[in-house]
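Read-outs: derived from the displayed coordinates by stated rules, not from any lab. Since the model is a prediction, treat every value here as computed from it, not as a measurement. Reconstructed Cβ throughout: ideal geometry from the backbone, glycine too, with neighbour counts over all protein chains shown.
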Amino acid sequence: MKLLLVEDDFDLAGALSRSLVARGFEVLCCADGKEALAAARRTAFDVITLDLSLPGLDGLEVLRRLRDGGSTTPVLALTARAAVTDRVAGLEAGADDYLAKPFDLDELVARLRALTRRVGRDGQLRCGALYREPGSGVFYNDALPLELSQRESELLRLLMSRVDRVVSKEELRTQVFANTDEQVQADAVEVVVHRLRKKLVGTNAEIVTLRGVGYLLCDADSMAAYKTDKAEKSEKSEKGGVAR
């Protein structure tokens, strides 16, 4: 996996680079915004980690120029800025995800792999055998196009833009039914999700319902990990109950 690591802290960049190379990444490091922008335009990377506080050219401006130039490479913003306004600014400038410093290396790697699973270098949203062609907006199961209604497509697009992350039911309701004057029933999102689940059979992608929280889209590997984690937590809870 080709990674562009943009970080002006020399020691941090060196430590991250060594750790990521040991985990199978091919890493190119840049220490300022202008150098990073040139590298991103010159080479096709699978993912970019971008510090937002950079000399030469601010990280937000690097993002804007990349997106204005048509780049669809997934970008994970890394920054010490923890304020919500800074996080929103990075996402609005074109970042696909956000991680505040200090962070755990395992979380960074997990975020990077999740990004490359859901956003290909060509800008396609992906999950398992399911992907969305950015130009036409058509969803495919491998080479077979899926027949989806407008609302099914919009809901699936939202879930695919955040693979392995929960999207609240309220956000889905607001987005999917935003341009309608009709009365939206309380169970409208559940109805669309129910129809989508039938159409996703065979795609290796699954919509998971988290009661009282929302929905997430994940592939078979993530689903297996989720079930294992859930089972382990349940087992610990039962043992704790016996101990009491």
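Work out from phi, with θ = phi - 60° and the Karplus expression 6.51 cos²θ - 1.76 cosθ + 1.60, the ³J(HN,Hα) of each residue of the stretch 46-62, listed in order in whole Hz, and give x for Gly and Pro.
Here the 3J(HN,Hα) series is 7, 7, 10, 9, 10, 6, 7, 9, 10, x, x, 8, 4, x, 4, 6, 4 Hz.
Would you mind calculating the relative contact order of the stretch 10-67 from Cα pairs under 8 angstrom and at least 6 residues apart, reporting the percent as a whole number?
32
Order of 4-17, 133-146, 21-34, 150-163 by packing, highest average Cβ count within 10 Å first?
My ranking of the peptides, most packed first, is 150-163, 4-17, 21-34, 133-146.
How large is ³J(HN,Hα) for each residue in the stretch 143-157, as worked out from phi by the Karplus curve 6.51 cos²θ - 1.76 cosθ + 1.60 (θ = phi - 60°), to whole Hz, x for Gly and Pro?
Karplus-based 3J(HN,Hα) across the stretch 143-157 equals 9, 9, x, 8, 8, 10, 6, 4, 6, 5, 5, 5, 5, 5, 4 Hz.
Can you work out ³J(HN,Hα) from phi for every residue in the stretch 204-214, in order, using Karplus 6.51 cos²θ - 1.76 cosθ + 1.60 and θ = phi - 60°, giving whole Hz and x for Gly and Pro?
6, 10, 9, 8, 9, 9, 10, 3, x, 10, x
Using C-alpha positions alone, give me the convex hull volume of the stretch 1-104 per residue in cubic angstrom.
Here the figure is 86 Å³ per residue.
What is the set of long-range amide H partners of TYR98 at a cut-off below 5 Å, with H atoms built 1.01 Å from backbone N?
When sequence neighbours closer than 5 places are left aside, the close amide H contacts are ALA77.
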